Amino acid sequence: MDAERRPKRVAHLIQETLSRVFLEEFQGETGLITVTRVEMTADLQTAHVYLSLFGRRDEEALWERLENSKGYLRKAIASGVKLRYNPRLVFHRDPTPELESRMDRLIERLKDDEK
């Protein structure tokens, strides 16, 4: 049972740590970065970090900055989350907010069409 819960607990701690770092270090010129979820591999060696980005004009530059900051972010995780191995970070764009917004627009369009 603990083997199933541990990756979830570690993922939650990494999400909290990265959210704090992004708030303190990456906000402002980069727009709003939200860590929507973190998924750990069973061996805790890799963290898949899903991000939502808002208000960013040059999104490609932000992804490049994130890639270049992986070492710094891993150090922040290591100081905040005590693990035997510091996980490798893999960033993904979370499409959920855009999909929700698109669904809302479609629903509104259907409502308008019914009137």
When only C-alpha pairs under 8 Å and at least 6 residues apart count, what is the relative contact order of the chain, in percent? 26
Given +1 on the Cβ of Lys and Arg, -1 on the Cβ of Asp and Glu, and no further charges, what dipole in debye does the chain carry about its Cα centre, rounded to the nearest 20? 620
Label point distance in nm, THR96-HIS12, each placed 7 Å from Cα along Cα→Cβ: 1.5
Expected sort for HIS48, HIS92 with the fewest Cβ neighbours (10 Å cutoff) up front is HIS92, HIS48
On a straight-distance basis, which lysines could pair with LYS75 in a cross-link, Cα separation under 17 angstrom, same-chain partners fewer than 8 positions away excluded? none
If the cut-off is a Cα-Cα distance under 27 Å, which lysines reach LYS70, setting aside same-chain residues fewer than 8 apart in sequence? LYS8, LYS82
Using alpha-carbon coordinates, inclination of helix 70-80 to the longest axis of the chain, degrees: 70
Over all alpha-carbon pairs in the chain, figure out the percentage whose distance exceeds 16 Å. 64
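Each reported figure results from applying straightforward, stated rules to the coordinates on display, with no laboratory input. This structure is a prediction, so every number in the text was calculated from the model and none was measured. Here the Cβ is made from the backbone with ideal geometry for all residues, glycine too, and neighbour counts use every protein chain on show.
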